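**Q** Structure incoming, see below.
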Amino acid sequence: MKLRLSVLFLAALFILAIPANAQFVNESKVTIKAVAVRSGAEPQGAVINITVIVTPGNGKVFVSTIPYTEIDMQGSAQLAALTACDLLGVDFMCHDFFYIIEADAPIVGGPSAGGVMCVATIAALKNLSIKNDVFMTGMIYPDGFIGPVGGIPYKLEAAANNGAKYFLIPKGQRVVYVQEKKEERIGPFIRISIVTKPVDVVEYGKQLGVDVVEVETVEQALAYYTGYTIEKPKLTFNLTKYSNIMLRLADKMKGDATSLFEQVKKIAKDDEIERIQKIIDEAEENYKEGNYYTSTSKYFVAKIEMRYLLYKHTITNDEELSDEFDRIEKDIENLEEYLKNSNSIGVESFQLYGAAEERVSLAEEYLKKAEMSTNRDKALEYLAYARERVESARVWLSLLSTIKEDVPIGRDELKRRSQLYLSQAESMIVYAKTIGGQPDLIDEASDDVTVAKTQLDEGMYCGAAISSMEAITKASLSIELIGVEYTRAGRGLIEAKVETAKKSAESAISELEQFVTPILPVAYYEFAKTNEETIAKLAYYKLSERIAKLIGVVAKSYAEKELVEVEHPPLPAHHTTSLPRVYEVPAFQAIAALAAITAGAVFRRVKK
């Protein structure tokens, strides 16, 4: 580990010394102007130059800043490269990315250049020219949407002074609020107060001779900068065509739950039986409606409850408890040994091995928690969860028999990809923490990273890749929820995000199913569709999309997107919005001034 850190440190020093006009082998280079806020007591906009160089490589991102900016510029670059590749259907691991940020004065570090970096990265990957009269501010989300930033009026002034014709801002930030210091003399004293006032940046832009446009996505911004946008395939997705596969999961879990319930009825109390019956009824209702994965999830929850009650009523001494520990530990070891030594992993089976590896790793984690617990009841709960996780891993592996033909994937390739995704997940979590992401989701993402590290160390590379992707999804969502207040307008924004995420998941699954049977993405899609929690729906739709793209990349079947020329400007110059207004604080990004959503931890592990 120390050696790897030393190598990375030396590489960072090396790239810091590279000038923007350096020559790389087979490089594709784009320079774009961005806007920032100068460091200092008084807010003032500044124009900075960002040069993006893309070369053949293996998924490394290097950043040089002159002068130095804060760490989240590193995160913005990393996210911009990943998002650009995702949007284009390009394999991130086939390229290296170099970002050279040059300013004539110290600037406030922040995510506001993320959108610009992503546009420039797409332009470099596709050899597009950048228009010099277009400027933009906005952070980048991993799904290609543009998020809110601060200092917009000051950045607009800097853009206007540097020949801007168009200034692109995040959708919903036409009206922002700035704080100004007001001095009032009262006799011999001077009273200083802070006055908050609204600024309509579209109207302010007119005064400065700049057309200010709200944009929602990178594709919209790309059209202004290059005259091109990314063509999205028009495919349809039918959930019911996968019913037979999902039905196998549900039938297996239903059978096990029914058998277990007969045992529990003999020993449990009436209120305990009533509680379990309610969960089973929900599972049965979803089963009848054809929501087989959701039904599987409900039966799994019921099985944990029943297993705990069985332990509570039948394990009467330490020797019996120790025997059950040994049994589960042996089951985990045997299953892990099978998964680690399997040489039959292919483009179809990757997702099934990944689902099983993730679940057996969770079983191991909960077995450790049970062993360390000083509370007997809590230990029995953890033990029940561990045992049922082992069983759910076996259920997923039972689907291997449905695969008729598979194209093998080398273990070295899987290892390399899982290492990359783990690294990206860790970077994303650091980035989310830096800019104030939703804490509960960040914590869950950190838990996923812990699982992924264990899987990587133990040679379970499919599970490590999927666990890392889950961490990336949660950390990304924690960023998206920054500043979204739990109000009527905020809920409306989240609901709009849910619908967009649903369509994106459908598109990703539709593309993947041309080459691979998307079992795991379909399962998560259905779970999102039936979930009653809005944030959980959003999270699982996004997870469905990301897992579909991950499988496509691993299978090398994800088609690279084509670009289409569009009329410029592609959007109305000034369009209204019903999104909530955003407050800005001088010389600092709006992120620090906004309250994080209080939805709580709703993206829990209920995956079978």
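**Q** Name the trypsin sites (Lys or Arg not before Pro) in segment 115-162 that are in a loop by DSSP and that have at most 16 other C-beta atoms within 10 Å, would you?
**A** The qualifying sites are LYS131.
**Q** State the antiparallel share, in %, of DSSP beta bridges confined to segment 18-233, rounding to the nearest 5.
**A** Of all bridge pairs located within segment 18-233, approximately 70 percent are antiparallel.
**Q** Between LYS266 and SER322, what length comes free when the chain is fully extended (0.36 nm per residue of separation minus the Cα-Cα distance, one decimal in nm)?
**A** Taking 0.36 nm per residue and subtracting the Cα distance, the gain is 17.8 nm.
**Q** In straight Cα distance, which aspartates and glutamates are under 19 Å from LYS60, not counting same-chain residues fewer than 8 positions off?
**A** Excluding near neighbours in sequence, the set is GLU27, ASP72, ASP86, ASP91, ASP96, ASP412, GLU413, GLU426.
**Q** Also: Can you list the equivalent-ellipsoid semi-axes of segment 18-233, largest first and in whole Å, using the square root of 5 times each Cα gyration tensor eigenvalue?
**A** Semi-axes (√(5λ), whole Å): 34, 19, 14.
**Q** Please go through segment 190-233 and write out the GluC sites (Glu not before Pro) that DSSP classes as loop and that have at most 13 other C-beta atoms within 10 Å.
**A** Of the GluC sites (Glu not before Pro), the ones in loops of segment 190-233 whose Cβ has at most 13 other Cβ atoms within 10 Å are GLU231.
**Q** Quick one: dipole size for segment 275-383, taken about the Cα centre, charges +1 on Lys/Arg Cβ and -1 on Asp/Glu Cβ, in debye to the nearest 20.
**A** Charge dipole, segment 275-383, about its Cα centre: 360 debye, nearest 20.
**Q** Which of the trypsin sites (Lys or Arg not before Pro) across segment 367-409 are loop residues per DSSP, with 15 or fewer other Cβ within 10 Å?
**A** Those satisfying the criteria are LYS404.
**Q** Please compute, over every Cα-Cα pair in segment 239-554, the percentage with a separation greater than 25 angstrom.
**A** 53
**Q** Would you mind calculating the relative contact order of segment 402-522 from Cα pairs under 8 angstrom and at least 6 residues apart, reporting the percent as a whole number?
**A** 26
**Q** Excluding same-chain residues fewer than 8 positions from LYS537, which aspartates and glutamates have a Cα within less than 17 Å of its Cα?
**A** Once the sequence-local aspartates and glutamates are set aside, what remains near LYS537 is ASP143, ASP440, GLU444, GLU470, GLU480, GLU495, GLU499, GLU506, GLU526, GLU545.
**Q** Placing unit charges on C-beta atoms (Lys and Arg positive, Asp and Glu negative, everything else neutral), compute the dipole magnitude of segment 18-233 about its Cα centre in debye, rounded to 20.
**A** It comes to approximately 400 debye.
**Q** Pairs of alpha-carbon atoms within less than 8 angstrom and 6+ residues apart define the contacts here; what relative contact order does segment 77-228 have, in percent?
**A** 23
FYI, it's all coordinate maths here, none of it is from the lab. The model shown is predicted, which means the values in this text are computed figures rather than measured ones. Note: ideal-geometry Cβ built from the backbone for every residue, glycine included; neighbour counts use all protein chains shown.
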